[in-house]
Amino acid sequence: MWLMTKHGDQGRIMIRLNLGSGLRPVEGFVNIDSNPALKPDLVRDLCRGLPYSDGTVDEIQGMDVLEHLPGPADLIFVLNECHRVLHSGGRAIFCVPNCLSFQHSDWAFGDPTHRIFFCVHTWDYWQAGHEQHEFNGSGYGILPWTIHLEIFSGDAIIRATMEPVKIAVA
């Protein structure tokens, strides 16, 4: 079975996903990639959704994957899927090139396979309570997250650590 799991401290099974694993599979994670030649645990186009039930995943990571999605609607869909499958208290960590980097903007723009460009303000559309999310992002169906941003490699890489803000349905 392709579902790899790891036992948590309380003895329950943890599900951890590594999206766009490519040539960097991570032990203890279900490594997901659309390229079968890379032999991931699960061959899956992220734009088709994640094959997990709501609130069943503990952790998601995606290193250098979001910028390769076909377009903004796909980015919204994939992050909403992550929001859906993560349980309350789960987290997602994504690293993307910073298109406003003074030192390495070529990391964002120089790669012809990059379709989406990120700067620190991009994440405002997902940040719960931020005016960009409240007035713009939510209108596009973007689900709210609590987000902490860090900048690495000088100013070239943005790491977003995200926790879904689950909205109670009345």
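Values for this structure:
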read-out: Carbon/sulfur fraction of accessible area - the stretch 57-156, other protein chains in place, 1.4 Å, %; value: 58
read-out: Surrounding net charge for LEU46, when Lys and Arg each add one and Asp and Glu each subtract one, Cβ distance under 15 Å; value: -3
read-out: Counted charge near ILE158, where neighbours are those whose Cβ lies closer than 15 Å (Asp, Glu -1; Lys, Arg +1); value: -4
read-out: Residues VAL26 and GLN103, FRET efficiency given R0 of 30 Å [Cβ-Cβ distance, rounded to 0.05]; value: 0.65
read-out: Local electrostatic count, SER88, Cβ distance below 10 Å [Lys/Arg +1, Asp/Glu -1]; value: 0
read-out: Ellipticity estimate at 222 nm from DSSP helix runs (n ≥ 4, -39,500 (n - 2.57)) divided over the chain, nearest 500; value: -4000 deg cm²/dmol
read-out: Å² per residue, accessible surface of the stretch 7-96 at 1.4 Å; value: 46
read-out: Using distinct alpha-carbon pairs, which all enter the 1/r mean, Kirkwood radius of the chain in Å; value: 16.6
read-out: For ASN31, distant residues with modelled amide H under 5 Å away; value: ASN18, ASP41, LEU42
read-out: Value of Rg/Rh across the stretch 14-106 [Cα atoms, Kirkwood radius]; value: 0.98
read-out: Euclidean distance between Cα centres, the stretch 108-157 to the stretch 23-82, Å; value: 18
read-out: Residue list for the stretch 52-90, given a label point 7 angstrom along the Cα-to-Cβ vector of PHE152 and an amide N cut-off under 17 Å; value: 60-68
read-out: Gained length - THR161 relative to HIS87, 0.36 nm times residue gap less alpha-carbon distance; value: 25.1 nm
read-out: Inter-site label distance for ASN80 and MET14 at 7 Å from Cα along Cβ, in nm; value: 3.0
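The values are calculated or read from the model by the stated rules, or taken from the named source; none is laboratory data. Model, not experiment: these values are computed from the prediction. Methodologically, a virtual Cβ is constructed for each residue, glycine included, from the backbone with ideal geometry; neighbour enumeration extends over all protein chains shown. The accessibility values were calculated without ligands, DNA or RNA, using every heavy atom of the protein model including side chains. Shrake-Rupley method; radii C 1.70, N 1.55, O 1.52, S 1.80 Å.
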